[in-house]
Structure formats: C-alpha cells, structure tokens
Amino acid sequence: ALLVAFGMLYPMVQLAREAANRTSCRCAMKQLGLAMHNYNSTYGSFPPAATYDEEGQPLLSWRVLLLPFLADQTLYDRFHLDEPWDSPNNLPLAGEMPEVFHCPSDRTSKPNCTSYVVAVGDATFFPLRGTIRTEDIKDGTANTVMVGEIATSTIIWSKPEDLAFDDKFMGRGNFSSKHPRGWNVVMGDGTCRWFDETTDPKILRAIMTIAGREEIDWRGF
C-alpha cells in the first residue's frame, strides 16, 4: 500500500517541482531583460553580443557586460575587459557563473555553462558587430526576441558564443529547454513568453528580426 501511495504521489511531486523551476526560470529571464534595459538606459544602446579587441578577435560575452546590472559589480570588476574570456585572469572567473544564467530544470548542462543565449545576426537584436538602439527595432520590442533558452548547454557563460541567426535557424532545435513541450524567451520589451515546440518555424523566424515588418497574431500564445 505504501508503494502504491508513493507511486501516486511521486508524479505530483515532480509536476510541482517543474512548475516551481519553470517559474524560477522565468524570473531569471525577466532579470536578464531588465538588465538589458538598464544597460540601454545607461549607454544609449543594448549591449553587443560580444566585445572585440583591436584586431577584431572576440573577448567577452554580453553576459559579462550585464553583471553590473545584475547586482554583481564585484565579479565584473575582476574581469580584465581587454582580455579574452580564457586569459589567465579571466578563465578562473568562468567558474563563478551567477545563478541567474542557469535554468533550474536543466541538470544536463556542463558546469558553468549558460542556459540563456541570444541569436546573433545582422537582422536581429544582436548584430554581428556593433549595437542597436530602441529606435532601430522597427517591428517593436514586444514583437522581437531578445534572449532564449537552450538545454544541455556547452557554452561557458563568459565566452562570446551564442546562436547564429542564419538560413538554417528555425527556432525549434536552436532554442530548447528541459521544460516539457517548449521553452521560454525574453522579448525586447522585457516580458517573458512561452513558445510551444509545435510553433510554426515561420513565426519563430519572424520574431527574431528587428525590422522584418511581419505581422504577428499573438492570440494563440
């Protein structure tokens, strides 16, 4: 009888745990969205996907640039901003990933690997080089994805590595999560949205671009 009761209770416990984890994930992503906007308020543009040296070599991720806006100024100050993520000074800091970059539902990612990435491309929130301002987002911030989830990540959080927005990008299979049947994204206005794994790839591509002039019907989301 005890075994039967446990067998009935265990799925309920798992569902409750996933619900809590999904809420925590959304809260973390909203923090990232708020940090993006505070960065924009401070510098007049959203952060670049990566910083570069004078030779054009990538140095550090946008995630490092957000640290002062995530109440982690102390960690930020320990980075040498003119050195790559794996320099003798910066590489040890990769082992100190803030919890805000990890989805609690994902127990498969490697240590200190981020659950949250951006899509990098000339038509997106994060161009290959340079930065964008709010006025560049012709489709509207509420209609443009800023940050998304990935599961089983191998991307060290401080490393300038994310997703490439190219002809092969379909959304599903690029973004992913350990939540059942879909993943979270942060839109450009800072709101968090859920996308089901059955969402039309055309819609997922449309919401990645900042000035595609696509019309999105949000009633089904």
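The values are calculated or read from the model by the stated rules, or taken from the named source; none is laboratory data. Bear in mind that the values here come from a model prediction, so they are computed numbers and not experimental data. When we count neighbours, we look across all protein chains shown, and the Cβ atoms used for this are built from the backbone with ideal geometry, even at glycine. For the accessible areas, the whole protein counts, side chains as well, though only heavy atoms, and no ligand, DNA or RNA atoms are used. Shrake-Rupley method; radii C 1.70, N 1.55, O 1.52, S 1.80 Å.
Okay, here's what the table says:
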{"read-out": "Cα lying deepest toward the dipole's positive end in segment 99-150, options Ala123, Thr144, Asn112, charges on Cβ", "value": "Asn112"}
{"read-out": "Helical contribution to [θ] at 222 nm, DSSP H n ≥ 4, -39,500 (n - 2.57), averaged over the chain, rounded to 500", "value": "-8500 deg cm²/dmol"}
{"read-out": "Charge dipole magnitude, Cβ of K and R +1, D and E -1 - segment 47-98, Cα centre, debye nearest 20", "value": "260 debye"}
{"read-out": "Rounded FRET efficiency, nearest 0.05, which uses the C-beta distance separating Tyr52 from Arg213 and R0 of 41 Å", "value": "0.85"}
{"read-out": "Whole-number percent relative contact order across the chain, with pairs defined as alpha carbons under 8 Å at least 6 apart", "value": "22 percent"}
{"read-out": "Unit charges on C-beta of K, R, D, E only; dipole of segment 162-221, Debye", "value": "180 debye"}
{"read-out": "Accessible area of segment 27-145 belonging to carbon and sulfur atoms, whole % at 1.4 Å probe", "value": "51 percent"}
{"read-out": "Derived scalar couplings ³J(HN,Hα) [segment 128-145; Karplus, 6.51 cos²θ - 1.76 cosθ + 1.60; whole Hz; x for Gly, Pro]", "value": "4, 9, x, 9, 10, 10, 4, 5, 6, 8, 5, 6, x, 5, 5, 10, 10, 6"}
{"read-out": "Global form of segment 70-118, assessed from the alpha-carbon gyration tensor, a/c cut-off 1.5", "value": "prolate"}
{"read-out": "Total formal charge among the other residues, if their Cβ is under 11 angstrom from that of Thr198, Lys/Arg +1 and Asp/Glu -1", "value": "-1"}
{"read-out": "For the chain, size of Cβ-based charge dipole, Lys and Arg +1, Asp and Glu -1, in debye", "value": "920 debye"}
{"read-out": "Placed amide H near Asp139: partners under 5 Å, 5+ positions off or other chain", "value": "Ala211, Gly212, Arg213"}
{"read-out": "Order by protection proxy (mean Cβ within 10 Å, highest first), peptides 65-73, 117-125", "value": "117-125, 65-73"}
{"read-out": "Amide H within-cut-off set for Tyr52, under 5 Å, with H built and near neighbours excluded", "value": "Leu59"}
{"read-out": "Around Val117: net Lys/Arg minus Asp/Glu count, Cβ-Cβ under 13 Å", "value": "-2"}
{"read-out": "Residues listed by number, segment 137-170, amide nitrogen under 13 Å from Asp189 label point at 7 Å toward C-beta", "value": "139-145"}
{"read-out": "Cα centroid separation - segment 61-117 against segment 180-221, whole Å", "value": "26 Å"}
{"read-out": "Cut-off 17 Å (backbone N to label point 7 Å along Cα→Cβ of Asp86), residues of segment 125-157", "value": "154-157"}
{"read-out": "Length-normalised contact order of segment 57-182 in % [C-alpha pairs under 8 Å, at least 6 apart]", "value": "29 percent"}
{"read-out": "HN-Hα J in Hz across segment 76-90 - Karplus 6.51, -1.76, 1.60, θ = phi - 60°, x for Gly and Pro", "value": "4, 5, 7, 6, 8, 6, 9, 10, x, 4, 9, 5, x, 7, 7"}
{"read-out": "Cα gyration tensor shape for segment 34-123, rounded if a/c is under 1.5, else prolate or oblate", "value": "rounded"}
{"read-out": "Average accessible surface area per residue within segment 16-152, 1.4 Å rolling probe, Å²", "value": "45 Å²"}
